[in-house]
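> My questions will all concern the structure given below.
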Amino acid sequence: MSLPEAGRQTLRHIAKASIQYSLEHGSDAGYERTLRLADFAQELQQPRASFVTLHINDELRGCIGTLEARQPLIIDVAHNARAAAFHDPRFAPLSQSEFDRLQIHISILGIPEAISFSSEQDLIRQLRPGIDGLILAAAGRRGTFLPSVWESLPAPEEFLAHLKMKAGLPTSYWPDDIKIARYTTESF
């Protein structure tokens, strides 16, 4: 599903408003609880998974999202924007002085599809750089990289190795029960 430009603009506005609301009311204040679904276009009311990525001066400032569609897209984006600004463990909570310099990027995830493979090399051959987001699950751990990560890790071997590290696994780790799923995103 491709969102019309009006829907994209609405999501950008909601993400920014959610962060501003939390700056004014406290980082746990949920702007999404103030939204009335009926006020939004039907495509924004559908359950969808999303990620909100924040940058300041083109440097990562926070990124939080969901992998499964569990709530309406408009609510998911508002929640993830607040979480990226205030609850990404890699960063201190966003300050008011940073807000005006914030760049907000939204990725709407397609439905993940399991990839069948016989070995790590077989998996690497199947990857589509620049297209695939990946979800890796093994040893009770899970990690994901959005397709945009290919910009900084363009080699499939490197992409997969860093995804293992993100999931807290050694780069040489390859158990029999490893599961990989791919998804695409609509990003703006």
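The values are calculated or read from the model by the stated rules, or taken from the named source; none is laboratory data. Predicted, not measured: the structure shown is a model, and the values here were computed from it. Positions of Cβ are generated from backbone atoms using ideal geometry, with glycine treated the same way; all protein chains shown enter the neighbour counts.
> Yes or no: the stretch 32-43 includes at least one residue that is surrounded by fewer than 16 Cβ atoms within 10 Å (Cβ to Cβ), at pLDDT 95 or above and under 18 Å from the mean Cα position of the chain (by Cα).
No, the stretch 32-43 contains no residue that is surrounded by fewer than 16 Cβ atoms within 10 Å (Cβ to Cβ), at pLDDT 95 or above and under 18 Å from the mean Cα position of the chain (by Cα).
> Restricting attention to the stretch 99-107, does a residue exist that is surrounded by fewer than 20 Cβ atoms within 10 Å (Cβ to Cβ), in contact with a strand residue (DSSP E or B) (Cβ under 6 Å, 6 or more places away or on another chain) and without any contact (Cβ under 8 Å) to a residue 40 or more places away in the chain?
The answer is no, given that none of the residues of the stretch 99-107 is surrounded by fewer than 20 Cβ atoms within 10 Å (Cβ to Cβ), in contact with a strand residue (DSSP E or B) (Cβ under 6 Å, 6 or more places away or on another chain) and without any contact (Cβ under 8 Å) to a residue 40 or more places away in the chain.
> When you check G110 against the structure, is it in contact with a helix residue (DSSP H, G or I) (Cβ under 8 Å, 6 or more places away or on another chain) and closer than 30 Å to A17 by Cα, yes or no?
So G110 fails the test.
> Just give me the residues in the stretch 127-164 being touching a residue at least 24 places away in the same chain (Cβ under 8 Å) and in contact with a Ser or Thr (Cβ under 8 Å, 6 or more places away or on another chain), in sequence order.
Result: I131, D132, G133, L134, I135, L136, L146, P147, S148, L163, K164.
> Considering each of A17, A78, A85, A92 in turn, give the residue that is in contact with a Gly (Cβ under 7 Å, 6 or more places away or on another chain), more than 20 Å from G143 (Cβ to Cβ) and modelled with pLDDT of 95 or more.
The conditions single out A85.
> Looking at the stretch 58-69, can you tell me whether even one residue there is on the phi > 0 side of the Ramachandran plot and acidic (D, E)? Talk me through it step by step, then tell me what you get.
First, the residues of the stretch 58-69 that are on the phi > 0 side of the Ramachandran plot: 58, 62.
Checking which are acidic (D, E) leaves us with 58.
Yes, because at least one residue in the stretch 58-69 is on the phi > 0 side of the Ramachandran plot and acidic (D, E).
> Please specify each residue of the stretch 156-188 satisfying the condition of being of a type in the set (S, T, N, Q) and not in a loop (DSSP other than H, G, I, E, B).
Listed by number, the residues that qualify are T185, S187.
> If you take the residues of the stretch 121-155 that are in a helix (DSSP H, G or I) and under 21 Å from the mean Cα position of the chain (by Cα), which of them is nearest to L109 (Cα to Cα)?
P147
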